[in-house]
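Undergrad: Just dropping this structure here.
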Amino acid sequence: MIQTFLSREAEMLQAAEAIEDGVGSGELHLLPEQPDEVDEAGASAVEGRLLVRRALARERNPKLRSMKIQHVQRMGAPLQCEVCSFDFVKTYGELGKDYIEVHHVTPLHATGVRETKLDELACLCANCHRMCHRAGQGETWRTPAALRRLIQEVSSQDR
């Protein structure tokens with residue numbers, strides 16, 4: 001690390017000054033673009049720098065996830081993805097016990113501040129969760145039901 005710093009001292013000092021200015025003013029500035037971070041063949045790139053990010057995020061109540069999981073279990077339903085039926089226990093054994101991602105059926109960015117009920121949450125595997133959030137052209141999100149229909153359509157086309 002010290003060798004890297006010494007070989008790029010001017011860039012490192014510029015980055016340090018940007019951080020110092022950002023802390024002093026209360027506004028963090030983007031660090032200057034770092035040259036030569038991708039090798040000539042495009043087969044590797046430098047990663048792992050520490051970055052400071054500022055972002056607005058919608059508040060989520062972490063208790064809702066465990067409440068949703070407990071609700072599903074009390075109902076005697078398997079804890080599996082509501083879209084594709086992936087079951088973490090069947091794949092990962094004990095490691096997957098009591099694990100599932102919990103997703104807002106209608107995203108908070110669309111609803112704003114509101115009270116969330118358990119039936120407005122869906123249990124999803126990581127893949128289906130990402131696909132619900134992945135935007136296609138003209139879309140911003142999709143419901144688990146819409147994703148389930150899409151999977152069924154694609155599946156029927158493959159036959």
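The values are calculated or read from the model by the stated rules, or taken from the named source; none is laboratory data. These numbers were taken from a predicted model, which means no experiment stands behind them. When the accessible area is computed, the model is the full protein with side chains, heavy atoms only, and any ligands, DNA or RNA have been set aside. Shrake-Rupley method; radii C 1.70, N 1.55, O 1.52, S 1.80 Å.
Undergrad: Compute a Gaussian network model of the chain, connecting alpha carbons closer than 10 Å, and tell me which residue from Ala126, Ala41, Ala15 fluctuates the most.
TA: Looking only at Ala126, Ala41, Ala15, the biggest GNM fluctuation is shown by Ala41.
Undergrad: On a straight-distance basis, which lysines could pair with Lys90 in a cross-link, Cα separation under 26 angstrom, same-chain partners fewer than 8 positions away excluded?
TA: Lys63, Lys68
Undergrad: Carbon and sulfur: what percent of the chain's accessible surface (1.4 Å probe)?
TA: Details: 6600 of 12480 Å².
That share works out to 53 percent.
Undergrad: With θ set to phi - 60°, apply the Karplus curve 6.51 cos²θ - 1.76 cosθ + 1.60 along the stretch 127-137 and write out the HN-Hα couplings as whole Hz, x wherever there is a Gly or Pro.
TA: 5, 5, 4, 5, 5, 5, 8, 6, 9, x, 4
Undergrad: Taking the Cα atoms only, what angle lies between the long axis of helix 144-157 and the longest principal axis of the chain, rounded to 10 degrees?
TA: Tilt of helix 144-157: around 80 degrees.
Undergrad: In a solvent-free Debye calculation with one equal scatterer on each Cα, what is log10 I(q)/I(0) for the stretch 42-133 at q = 0.14, 0.22, 0.24, 0.25 Å⁻¹, listed in the order of the q values?
TA: At q = 0.14, 0.22, 0.24, 0.25 Å⁻¹ the computed log10 ratios are -0.65, -1.10, -1.22, -1.29.
Undergrad: Then there is this: Show which aspartates and glutamates lie in cross-link reach of Lys97 when reach means a straight Cα distance below 20 angstrom and same-chain residues fewer than eight apart are skipped.
TA: Glu82, Asp87
Undergrad: Another question, if that's okay. Assuming a ≥ b ≥ c are the square roots of the Cα gyration tensor eigenvalues, decide whether the stretch 94-159 counts as rounded (a/c under 1.5), prolate (otherwise, with a/b larger than b/c) or oblate. Present the calculation step by step, with values, prior to reporting the outcome.
TA: Details: a/c = 2.25, a/b = 1.17, b/c = 1.91.
Because a/c hits 1.5 or more and a/b fails to exceed b/c, the stretch 94-159 counts as oblate.
Undergrad: Quick one: length gained pulling Leu56 to Cys84 fully straight, 0.36 nm per residue minus the C-alpha distance?
TA: On the way: separation 28, 0.36 × 28 = 10.08 nm, distance 3.15 nm.
Difference between extended and current length: 6.9 nm.
Undergrad: If you line up the long axis of helix 63-74 against the longest principal axis of the chain, both from Cα atoms, how many degrees apart are they, to the nearest 10?
TA: That works out to roughly 30 degrees.
Undergrad: Write down the accessible area per residue of the chain in Å², having rolled a 1.4 Å probe over the full set of protein chains. Don't skip to the end; give the middle numbers.
TA: Working: 12480 Å² over 159 residues.
Ligands and nucleic acids excluded, the result is 79 Å² per residue.
Undergrad: Same structure, new question: With only alpha-carbon atoms in the gyration tensor, what are the semi-axes of the equivalent ellipsoid for the chain, in Å, largest first? Before the final figure, lay out the partial values.
TA: Values: eigenvalues 346, 97, 64 Å².
Largest first, the chain gives 42, 22, 18 Å.
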